[in-house]
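Encoded as structure tokens, the structure appears first; notes follow it.
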Amino acid sequence: MKPAYQNMRAFWLDAKNMQSRKGFIEIGVEKIVAAAVEMALADGDQTKHLLIATNSLGDSSLYFENNSKSGLGGMIGGHGNEPLQEAAAHMLAYAAKLTAQMTKVAAGTEVPGPSSAGQVMLLAVSQEAVFYKEVAEPELRNPDCPFYPMFAYSQQVIGLFKVQGTSYNPPAKS
């Protein structure tokens, strides 16, 4: 993973970055405050990563490794975009429901990324722990998979970011 991408990933996996902000809430038994879905994708002979993340404050981000100088691209959104906020809230709610089926590590512990292209890492973050589960993408696309709803909502978030990005109208120049 490229350093700029690693930094944004680490930001989302650390609940301390959210705890002092107004509106911060904890969801479910494990008190989840953020959720993310990280995908590994083949780009020629390289593997690149894409991270869709949201938190209980209604913030959402999409980051991806690219070939730019920084190695990072992305979008920030959610506020004022009700469909995006709703899909992200569902993704977060499902993450909170799925923690018992994930590996739990103490907050601050390094969490692995997807092991190879076609693999997806599902993540849930609390102040005390990070929960993760790696699943093959084809399995996540099966409605019978218990992680399907979280993954499906992450894909809606990606689509809504795309709509948000293409519908932006900058202010007229004066």
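What list of ³J(HN,Hα) values in whole Hz, one per residue of region 152-159 in order, does the Karplus curve 6.51 cos²θ - 1.76 cosθ + 1.60 (θ = phi - 60°) give from phi, with Gly and Pro shown as x?
4, 5, 5, 5, 5, 4, 4, x
Place a label point 7 angstrom from the Cα of Q46 along the Cα-to-Cβ direction, then list the residues of region 1-36 whose backbone nitrogen is under 18 Å away.
The answer is 1-9.
Please work out the average accessible area per residue across the chain, using the 1.4 Å probe convention, and give it in Å².
52 Å²
Compute, for the chain, the length of the dipole vector about the Cα centre, with Cβ point charges of +1 (Lys, Arg) and -1 (Asp, Glu) only. Units Debye, rounded to 20. Don't jump to the answer; show the numbers that get you there.
Details: 14 positive and 16 negative charges, 101 e Å.
The calculated dipole for the chain is roughly 480 debye.
Step by step: find N for region 74-144, compute 2.2 N^0.38 Å, then divide the Cα radius of gyration by it. What's the final number?
Numbers: Rg = 13.7 Å, N = 71, 2.2 N^0.38 = 11.1 Å.
After normalising by residue count via 2.2 N^0.38 Å, the value is 1.23.
Run down the lysines and flag those whose C-alpha is under 22 Å from the C-alpha of K97, throwing out any fewer than 8 positions away in its chain.
Correct list for K97: K16, K31, K133.
Relative contact order of region 35-87, please, whole-number percent, based on alpha carbon pairs below 8 angstrom and at least 6 residues apart. Walk me through the numbers on the way to the answer.
On the way: 83 pairs, mean separation 12.6, N = 53.
24 percent.
Of G77, G44, G28, which has the largest mean-square fluctuation in a 10 Å C-alpha GNM of the chain?
Evaluated over the chain, the most mobile residue of the options is G44.
Accessible area of the chain with a 1.4 Å probe: how many percent of it is carbon plus sulfur? Mind dumping the intermediate values first?
Working: 4780 of 9120 Å².
Using a 1.4 Å probe with all protein chains present, the chain comes out at 52 percent carbon and sulfur.
From the backbone phi of region 29-38, what are the Karplus-calculated ³J(HN,Hα) couplings (6.51 cos²θ - 1.76 cosθ + 1.60, θ = phi - 60°) in whole Hz, Gly and Pro given as x?
Calculated HN-Hα couplings, in order: 4, 8, 6, 6, 10, 8, 9, 8, 10, 10 Hz.
At 7 Å along Cα-to-Cβ for each site, give me the label-to-label distance between A10 and Q127 in nm.
Roughly 2.3 nm, to one decimal.
Can you pull the one-decimal nm distance between simple spin-label points at M75 and Q155, each 7 Å off the Cα toward Cβ?
1.7 nm
Taking a cut-off of 28 Å, what percent of all Cα-Cα pairs in the chain are separated by more than that? Walk me through the intermediate numbers first.
Details: 2780 of 15051 pairs.
Counting pairs separated by more than 28 Å, the tail of P(r) holds 18 percent.
When we measure straight from the Cα of K69, which aspartates and glutamates land under 20 angstrom away, once same-chain ones fewer than 8 places off are left out?
D43, D45
Enter the Cα centre distance for the pair region 26-96 and region 1-21, rounded to the nearest angstrom.
11 Å
K22: which aspartates and glutamates have alpha carbons under 14 Å from its alpha carbon, excluding same-chain residues fewer than 8 sequence positions away?
Once the sequence-local aspartates and glutamates are set aside, what remains near K22 is D59.
Evaluate E = 1/(1 + (r/R0)^6) for K104 and N67, where r is the Cβ-Cβ distance and R0 equals 25 Å; express this FRET efficiency to the nearest 0.05.
Using R0 = 25 Å, I get an efficiency of 0.10.
The values are calculated or read from the model by the stated rules, or taken from the named source; none is laboratory data. All values reported here derive from a predicted model rather than from experimental measurement. Positions of Cβ are generated from backbone atoms using ideal geometry, with glycine treated the same way; all protein chains shown enter the neighbour counts. Heavy atoms of the whole protein, side chains included, go into the accessibility calculation; ligands, DNA and RNA do not. Shrake-Rupley method; radii C 1.70, N 1.55, O 1.52, S 1.80 Å.
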